[in-house]
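Quick notes on the structure that follows.
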Amino acid sequence: MIENFLRRPHGAVDFVAEALRFVAVLSVVVTAIFFEPSDAGIIAFALPGFVAPRFLGMRAGMDMVFVATLLIAAWSNIFDLYTSIGWWDLVVHLAGNGVIAAGLYLLLARGKVVPDPRGTTFTKGSGIVLTAMMGLALSALWEMVEWFGRAFISDQIFIAYDDTIGDMAMGGLGSLAAGFVVAFIPLLRKDAT
């Protein structure tokens, strides 16, 4: 996976993904200087996700979508879009859970835990079902992180039963959609190691 990370970008979409990664790192510095320390922590918390597509060897388009989705999700929190725009939280859970579930499937495939989409043991059904299940599990885990944050870090973190269920439902739909993407669209570069 180190070879994937060290690979030079080729093409416009690769360079856009790299530019977004640069913006993500710069965002930590900007939020640390001009916003609250917790805002810098939110962006920093997402940093592993910004580099994960490189390590996995994702195709340029998926890499760009993955990084952009995480960046939008993090900045949405900083600009308080989740509470100021009623439907925004659901859209971000749909997209965020989807890309993260697809990334997790690819990570587990690299570790030979689930069938590699490029391999002979992979079936489209297993890709769809396993990605959706992983996404639902991640959705539940995220809601627990939100609860923990509210209970032990800041009472400004909004949680409510309807919000939790809605977030998990949209995360599940996004993960199901990601399962179809994993099953039918090649997400890894041909030369990914």
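The values are calculated or read from the model by the stated rules, or taken from the named source; none is laboratory data. The shown structure was predicted, so the numbers you read here are calculated from the model rather than taken from an experiment. A quick note on method: Cβ atoms are made from the backbone with ideal geometry, for glycine too, and the neighbour counts reach across all protein chains shown. Areas reflect the complete protein model, heavy atoms only, side chains present, ligands, DNA and RNA absent. Shrake-Rupley method; radii C 1.70, N 1.55, O 1.52, S 1.80 Å.
Miscellaneous remarks
- Filter result (within 16 Å of the chain's Cα centre (by Cα) and among the aliphatic types (A, V, I, L, M)) within the stretch 139-187: 140, 141, 145, 168, 170, 173, 176, 177, 178, 181, 182, 187
- Of all the residues in the stretch 1-46, those that are of a type in the set (Asp, Glu) and closer than 23 Å to residue 191 by Cβ number 3.
- Residues that are modelled with pLDDT of 95 or more and of a type in the set (Ser, Thr, Tyr) within the stretch 32-75 comprise just one, 69.
- The helices (runs of 4 or more DSSP H) found wholly in the stretch 75-193 and carrying at least 1 residues that are open to solvent by 30 Å² or more (accessible area, probe 1.4 Å), more than 30 Å from residue 37 (Cβ to Cβ) and touching a helix residue (DSSP H, G or I) at 6+ places or on another chain (Cβ under 9 Å) occupy 88-110, 124-152, 161-184.
- Of note, residue 159 satisfies the criterion of being modelled with pLDDT under 85, of a type in the set (Val, Ile, Thr), more than 26 Å from residue 58 (Cβ to Cβ) and in contact with an Asp or Glu (Cβ under 6 Å, 6 or more places away or on another chain).
- Checking 181, 99, 129 one by one, the residue that is closer than 22 Å to residue 44 by Cα and modelled with pLDDT of 95 or more is 99 and no other.
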